[in-house]
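Asker: Got a structure for you, questions after.
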Amino acid sequence: MSPTAIENDIRARMTADGAPPLVTEAFINNRRRWRDGDLGVIPGATLGQLPPFPRLQDLDELAPEGETAIARTVVIRLNGGLGTSMGLDQAKSLMVAKNGLSFLDIIIRQVEFLRRRARAPLPLLLMNSFSTDADTHAFLSRQHPQFANPSGLPLSFCQHRVPKLEAATGAPAVWPENPELEWCPPGHADIYMALQTTGLLDTLLAAGFRYAFVANADNLGAILHMGILGHLATQRIPFLMEVTARTESDRKGGHLACNAATGRLLLRESAQCPPAETDDFQNIRKYTLFNTNNLWLNLEALADMLRAHDGLPQLPLIVNAKTVDPVRADSTPVVQLEAAMGAAISCFEDAAALVVPRSRFAPVKTTDDLLAVRSDLYTLGPEHQVALHPQRFTPPPDIQLDRRYYRHIADFEKRFPKGPPSLLQCDALKIDGDFRFGANIRIEGSVHLHNPSPAPRHIPDHTRLHTPAE
């Protein structure tokens, strides 16, 4: 099939799927970049030295300005993840996160708390995906029927979906066994396109809203902070990224960098690192700041940027190689073309970064993370922020649970039937094999549990596991 025929096929498929023309042309442009060899690679030699950035504790005095600006602020949570890596087939935000509450329960409580305290409308907008929209609305109707946004604003909007592409030909993948698997989300950066095509950006501006706080739904440490909002408003910052010090557990995540030629800030993800520079990319002493994916946007500046790019800002591509059916290694090899939301930092001349403590970054990507968040290592405070316990003065422990027994949520909960162990004084936990934990287990120091037998080993109630332990 010729390149023109492939592009026409893509247009036909996306049009039939209801994609707006702007989204279709953006995807076709990204496909051309991929086929032309623009793989979004950012070599280390193109990076310059980062300037010093303010720290969160420097902004406390700006809280009054934040209290003024909150009346013109919205909260946007990225709610497109299914949690398939944990064996879920519904929105991950509906899973119990802490104290019997789901992620979405806690997010709603955060917003309700701020509405009461600030006496502000503070809309909450969930960016759902085609996989999470129905589940999320059913949950809201059932669990939070009274929760609503002011001024008739919707509670959610949907990100778009785009075709998976055959790795060999670049044509849209075809999978008759399950046609839904022929589609994928285009990454978090689709937020900018979705705000345009839904008309939501114009609606927010017309209603007088000027600022947006954006964060992942699975990061319950991310709450609206009055000092940061005051900083955004008084300094007229168009785009602000919260960053935190990289640790060993973050070494594969995107880091903040600076373009040596232009001086603009940029985000470099692991997929954008040349393969030969992987070790250098993961050097946390060289690239010290990690993107939390907590972003603050000036909505007028965002609208101006989008107009300047005809609605199509060209962000660095992330090319993810997968199979069309993710659970079948023998299915067609495909690529998924994505872009990172934080990559838009390079589109704003006066974009800024803010160094924040680890307390504002508590994401849950795996059951390893979930065990930590559910344990006493984290607390659920009066503002409904999930944060490291105040008596924890070091980074979270490195937790490695045996994927054979703990990867999926049903298997995980079967092995902690009486709740998670205490991890407040844990430095590292590695579990190899099948263990069943009783109640009130304490894990201290660096603990490695090993069970070579296929039969589960039971750890009795009130057991203290500490260094060294086997």
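The values are calculated or read from the model by the stated rules, or taken from the named source; none is laboratory data. For clarity, every value in this text was computed on a predicted model and none was experimentally measured. Glycine also receives a Cβ, built like all others from the backbone with ideal geometry; neighbour counts cover every protein chain displayed.
Asker: Limited to segment 383-396, what total is found for residues that are surrounded by fewer than 20 Cβ atoms within 10 Å (Cβ to Cβ), more than 18 Å from residue 245 (Cβ to Cβ) and touching a residue at least 60 places away in the same chain (Cβ under 8 Å)?
Answerer: 1
Asker: Exactly one of these conditions fails for residue 419: (1) touching a Lys or Arg at 6+ places or on another chain (Cβ under 6 Å); (2) assigned to a loop (DSSP other than H, G, I, E, B); (3) not hydroxyl-bearing (Ser, Thr, Tyr). Give me its number.
Answerer: (1)
Asker: Just name the residue that is surrounded by the fewest Cβ atoms within 10 Å (Cβ to Cβ) out of those in segment 17-55 that are of a type in the set (Val, Ile, Thr) and in a loop (DSSP other than H, G, I, E, B).
Answerer: Only one residue tops the list, namely 41.
Asker: Which of the residues belonging to segment 250-267 are hydrophobic (A, V, I, L, M, F, W, C) and surrounded by fewer than 20 Cβ atoms within 10 Å (Cβ to Cβ)? Even if it seems obvious, please write down each step before you answer.
Answerer: Going residue by residue through segment 250-267, those that are hydrophobic (A, V, I, L, M, F, W, C) are 256-258, 260-261, 265-267.
Passing the criteria: 258, 260, 261.
For (1) on the phi < 0 side of the Ramachandran plot; (2) assigned to a loop (DSSP other than H, G, I, E, B), each residue gets a yes or a no:
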residue	(1), (2)
285	yes, yes
300	yes, no
303	yes, no
311	no, yes
331	yes, yes
362	yes, yes
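Asker: Right, next: When you check residue 208 against the structure, is it farther than 21 Å from residue 338 by Cα, in contact (Cβ under 8 Å) with a residue 24 or more places away in the chain and small (Gly, Ala, Ser), yes or no?
Answerer: Answer is yes for this residue.
Asker: Additional query: Check 78, 104, 88 and return the single one that is in the same structural domain as residue 169 (by TED's automatic domain parsing), under 23 Å from the mean Cα position of the chain (by Cα) and part of a helix (DSSP H, G or I).
Answerer: 104
Asker: Also, I was wondering about something else. Can you confirm whether residue 368 is farther than 21 Å from residue 221 by Cα and either of a type outside the set (Ser, Thr, Tyr) or in the same structural domain as residue 219 (by TED's automatic domain parsing) (or both)?
Answerer: Judged against the criteria, residue 368 is not a match.
Asker: Could I ask something else about it? Would a scan of segment 221-228 turn up a residue that is more than 30 Å from residue 118 (Cα to Cα) and of a type outside the set (A, V, I, L, M)?
Answerer: No - not one qualifying residue is present in segment 221-228.
Asker: Given the conditions (1) in a loop (DSSP other than H, G, I, E, B); (2) closer than 22 Å to residue 363 by Cα, which single one is not true for residue 439?
Answerer: In the conditions (1) in a loop (DSSP other than H, G, I, E, B); (2) closer than 22 Å to residue 363 by Cα, residue 439 misses (2) alone.
Asker: Still on this model: Given the residues 399, 443, which is the only one that is more than 18 Å from residue 97 (Cβ to Cβ), outside the structural domain of residue 246 (by TED's automatic domain parsing), of a type outside the set (Phe, Trp, Tyr) and surrounded by 15 or more Cβ atoms within 10 Å (Cβ to Cβ)?
Answerer: Numbers: 399 fails: more than 18 Å from residue 97 (Cβ to Cβ).
Unique residue meeting the criteria: 443.
Results for (1) of a type in the set (Gly, Ala, Ser); (2) free of Cβ contacts under 8 Å to residues at least 60 places away in the same chain; (3) touching a Ser or Thr at 6+ places or on another chain (Cβ under 8 Å), shown as yes or no for each residue.
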{"position": "4", "(1), (2), (3)": "no, yes, no"}
{"position": "12", "(1), (2), (3)": "yes, yes, no"}
{"position": "15", "(1), (2), (3)": "no, yes, yes"}
{"position": "54", "(1), (2), (3)": "no, no, no"}
{"position": "86", "(1), (2), (3)": "no, no, yes"}
{"position": "95", "(1), (2), (3)": "no, no, yes"}
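Asker: Report whether or not residue 319 is out of contact with any Phe, Trp or Tyr (no Cβ under 7 Å at 6 or more places or on another chain), buried (at least 17 other Cβ atoms within 10 Å of the Cβ), in the same structural domain as residue 91 (by TED's automatic domain parsing) and not in a loop (DSSP other than H, G, I, E, B).
Answerer: Criteria not met by residue 319.
Asker: Continuing with the same structure: Can you name every residue in segment 171-194 that is outside any loop (DSSP other than H, G, I, E, B), surrounded by 19 or more Cβ atoms within 10 Å (Cβ to Cβ) and out of contact with any His (no Cβ under 9 Å at 6 or more places or on another chain)?
Answerer: 172, 181, 182, 183, 184, 191, 192
Asker: Identify, please: which residue in segment 212-227 is of a type outside the set (A, V, I, L, M) and outside any loop (DSSP other than H, G, I, E, B) and is, among those, surrounded by the fewest Cβ atoms within 10 Å (Cβ to Cβ)?
Answerer: Per the criteria, the residue is 227.
Asker: Oh, and also: Would you mind finding the one in 268, 236 that is in contact with a Phe, Trp or Tyr (Cβ under 8 Å, 6 or more places away or on another chain) and of a type in the set (Lys, Arg)? Explain how you work it out, then say what you get.
Answerer: Working: 236 fails: in contact with a Phe, Trp or Tyr (Cβ under 8 Å, 6 or more places away or on another chain).
The unique qualifying residue is 268.
Asker: So which pairs qualify, if the first residue must be in segment 281-304 and over 25 Å from residue 220 (Cα atoms), the second must be in a loop (DSSP other than H, G, I, E, B) and among the hydrophobic types (A, V, I, L, M, F, W, C), the Cβ gap must be under 8 Å, and the two must be at least 6 apart or on different chains?
Answerer: If the second residue must be in a loop (DSSP other than H, G, I, E, B) and among the hydrophobic types (A, V, I, L, M, F, W, C), the pairs left are 281/273; 301/348.
Okay, residues lined up against (1) hydrophobic (A, V, I, L, M, F, W, C); (2) crowded, with 17+ Cβ neighbours inside 10 Å; (3) assigned by TED's automatic domain parsing to the domain that holds residue 395; (4) modelled with pLDDT of 95 or more:
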residue	(1), (2), (3), (4)
148	yes, no, no, yes
152	no, no, no, no
210	no, yes, no, yes
230	no, yes, no, yes
235	no, no, no, yes
239	yes, yes, no, yes
242	no, yes, no, yes
245	yes, no, no, no
248	no, no, no, no
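Here is a yes/no grid of residues against (1) over 25 Å from residue 196 (Cα atoms); (2) in contact with a Ser or Thr (Cβ under 7 Å, 6 or more places away or on another chain):
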position: 211; (1), (2): no, yes
position: 217; (1), (2): no, yes
position: 225; (1), (2): yes, no
position: 228; (1), (2): yes, no
position: 233; (1), (2): no, no
position: 241; (1), (2): no, no
position: 244; (1), (2): yes, yes
position: 306; (1), (2): no, no
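Asker: Right, here's the next one. Check segment 133-142 and report whether any residue there is assigned by TED's automatic domain parsing to the domain that holds residue 322, in a loop (DSSP other than H, G, I, E, B) and among the charged types (D, E, K, R).
Answerer: Within segment 133-142 (the criterion being assigned by TED's automatic domain parsing to the domain that holds residue 322, in a loop (DSSP other than H, G, I, E, B) and among the charged types (D, E, K, R)), the answer is no, since none of the residues qualifies.
Asker: Which of (1) surrounded by 15 or more Cβ atoms within 10 Å (Cβ to Cβ); (2) more than 23 Å from residue 95 (Cβ to Cβ); (3) over 30 Å from the mean Cα position of the chain (by Cα) does residue 467 not meet, given it meets every other one?
Answerer: For residue 467, the exception is condition (1).
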